[in-house]
Amino acid sequence: MAKALNVANVTAAAVFRGIERYRPTLLIDEADTFLGDKDDLRGILNSGHRRNGRVLRAVGEQNEVRAFSTFAPVAIAMIGRLPDTLADRSIPISMRRKKRDERVERFRSDRVGDLEELRSKAARWALDHWDALKAADPEVPSPLHDRERDNWRPLLAIADAAGGAWPATARDAATALSVSLADEDEDSDGVVLLGDLRRIFDTEGEPVLFTILILVRLCDFEDRPWAEWRDHKALSSVQLARLLRPFGVKPRQVRIGDKTSKGYERQWFEDAFSRYLPPLDPKHPKQVNGDNDLREVSTRNTDGLVSGREELKTPVSTGFVSGVSGRDPASGAMPPPGGPEEPPDDEVKV
C-alpha cells in the first residue's frame, strides 16, 4: 500500500493532521477497542470517503481557521461490526478462525521479498494505466446501491483494465459481498423488522392484522431478537411502533369483522417494502396458511389455530385476545409482550 501508516489507536486530531502531512494509506488495527464511542473520530473517517473531504479547525494563537483534508484510503481491522456509517462506506472482508487441521503459510514481517516484488509490479501497472482508470466509468451490478456503487467503481475499473477473467470475477465478488453484508444487518433493526413483517403478512394471508398477533408471531421467530428485545422482555407494541416510525408507518385503530383494536394494514408497508427489501422471488410466491404445509411461522407458543372467526375461551386478562385476525391464534402461552409498556387501548373492543 502506498505510504502505509499502521496504527493500533488514534485520535480524531491525529487523523486529519496525519492525513494532511503524510497523505498516507491509513491502517487502523484493533478498532473495536476504541472506535465505538468516539463520534468525532467516526465523523472524520466518514468525511474522508470523498476526495473533497475536509474538517475545519482553529489553529495557532490567533485561532486562525484552517481546512484540513481528510481524504485517504483507510483499512480498518476489528472484531465485530463497524458502526453503520462507516460500514456503508466500506468493502467488508470477513475473516474466520482457522480450523485446527488447516495449514496456512505463516506471515513473516521480516521476509516479505515476494510481496515487495508484487507491490512494485502493481505500482508500475497503475502508472501505466492511470489515464484510462481516471476516465473509466465501469458498469456496476444492479444489486448494488448508492455508496456500494461508489465503493466498488474504482475496483471494477481496475478489473476491466486488467481484462481476462477479472471483470466477471470482480462483479461476482461485489455482488456476493454486498448481499452478505445486507443479510447480516441490512442497515438497522428496523429493516430486519420490515422483512419479518412482510413474512408474517404473507403467512397469515390477511390484509389487516392486530398488533397483538404481530407481536406473538415476531416472538415465534427463534432466529430473531424479538422474544428478548430489552432486558429479556419481549418486544412491546410501543417498541414496535418506535421501530416503524422512520418508515412512516404507525399503528391505528383497525377493524376485523366485528372487532376493533390497534393494528396495521399491509398496504401501509408497501412503500417501505419496495424501498428497503429485496423483491420477492417469483419462483416462490407468497406462502399463506392452508393444508399444504406452507406455514412459515412456528406455533410453539400457541395451541393451534381456530378456523374461521370462532371465539377463543382464554380471557382477555391473560394479555392475549381472541379474534385478532381471520385465523385467530390460541392464546395464553406466554406473558404479555413488553409487560406494563403495553398501551391500554390495545385491548380488543367488541
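The values are calculated or read from the model by the stated rules, or taken from the named source; none is laboratory data. Just so we're clear, the structure is a prediction, and the values are computed from it rather than from any experiment. Please note: Cβ atoms are built from the backbone with ideal geometry, for glycine as well, and neighbour counts cover all protein chains shown.
The set of residues from the stretch 107-157 being in a helix (DSSP H, G or I) and of a type in the set (Gly, Ala, Ser) comprises GLY113, SER120, ALA122, ALA123, ALA126, ALA132, ALA135, ALA157. Scanning the stretch 216-253 for residues that are at pLDDT 95 or above and assigned to a strand (DSSP E or B) turns up ARG252, GLN253. When only residues in the stretch 232-245 that are free of Cβ contacts under 8 Å to residues at least 60 places away in the same chain and not basic (Lys, Arg) count, which is surrounded by the fewest Cβ atoms within 10 Å (Cβ to Cβ)? So, considering only residues that are free of Cβ contacts under 8 Å to residues at least 60 places away in the same chain and not basic (Lys, Arg), the one surrounded by the fewest Cβ atoms within 10 Å (Cβ to Cβ) is HIS232. For the stretch 271-287, the set of residues classified as basic (Lys, Arg) and at pLDDT 60 or above consists of ARG275 only.
Residues in the stretch 67-106 that are under 14 Å from the mean Cα position of the chain (by Cα), assigned to a loop (DSSP other than H, G, I, E, B) and of a type in the set (Gly, Ala, Ser): 2 in all. Among the conditions (1) under 30 Å from ASP131 (Cα atoms); (2) hydrophobic (A, V, I, L, M, F, W, C); (3) surrounded by 15 or more Cβ atoms within 10 Å (Cβ to Cβ), the only one that TRP229 does not satisfy is (1). Checking LEU218, LEU213, LEU194 one by one, the residue that is in contact (Cβ under 8 Å) with a residue 40 or more places away in the chain and over 17 Å from the mean Cα position of the chain (by Cα) is LEU213 and no other.
Evaluate the following for ARG171: is it touching a residue at least 24 places away in the same chain (Cβ under 8 Å) and surrounded by 10 or more Cβ atoms within 10 Å (Cβ to Cβ)? Against the criterion (touching a residue at least 24 places away in the same chain (Cβ under 8 Å) and surrounded by 10 or more Cβ atoms within 10 Å (Cβ to Cβ)), ARG171 qualifies.
Checking each residue of the stretch 52-64 against the condition of being of a type in the set (A, V, I, L, M, F, W, C), assigned to a helix (DSSP H, G or I) and under 24 Å from ARG147 (Cβ atoms) gives no match. Within the bounds of the stretch 256-272, is there any residue that is of a type in the set (A, V, I, L, M), farther than 13 Å from ARG198 by Cα, surrounded by 15 or more Cβ atoms within 10 Å (Cβ to Cβ) and in contact with an Asp or Glu (Cβ under 7 Å, 6 or more places away or on another chain)? Looking through the stretch 256-272, none of the residues is of a type in the set (A, V, I, L, M), farther than 13 Å from ARG198 by Cα, surrounded by 15 or more Cβ atoms within 10 Å (Cβ to Cβ) and in contact with an Asp or Glu (Cβ under 7 Å, 6 or more places away or on another chain).
Conditions tested, residue by residue: (1) hydrophobic (A, V, I, L, M, F, W, C); (2) touching a helix residue (DSSP H, G or I) at 6+ places or on another chain (Cβ under 8 Å); (3) in the same structural domain as LYS121 (by TED's automatic domain parsing).
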| position | (1), (2), (3) |
| --- | --- |
| ALA8 | yes, no, no |
| ILE19 | yes, no, no |
| LEU26 | yes, yes, no |
| LEU45 | yes, yes, no |
| GLY48 | no, yes, no |
| GLY53 | no, yes, no |
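Regarding PHE71, is this residue over 21 Å from THR33 (Cα atoms) and either outside the structural domain of VAL10 (by TED's automatic domain parsing) or at pLDDT below 85 (or both)? Here the answer is no, as PHE71 does not meet what is asked.
Please verify whether ASP150 is at pLDDT 90 or above, surrounded by fewer than 16 Cβ atoms within 10 Å (Cβ to Cβ) and not basic (Lys, Arg), treating the condition exactly as stated.
The answer is yes for ASP150.
You will find that of ALA75, ALA58, the residue that is without any contact (Cβ under 8 Å) to a residue 12 or more places away in the chain, closer than 19 Å to ALA12 by Cβ and in contact with a strand residue (DSSP E or B) (Cβ under 6 Å, 6 or more places away or on another chain) is ALA58 and no other.
With respect to THR203, is the statement that it is in a helix (DSSP H, G or I), assigned by TED's automatic domain parsing to the domain that holds SER274 and of a type in the set (Ser, Thr, Tyr) true? Here the answer is yes, as THR203 does meet what is asked.
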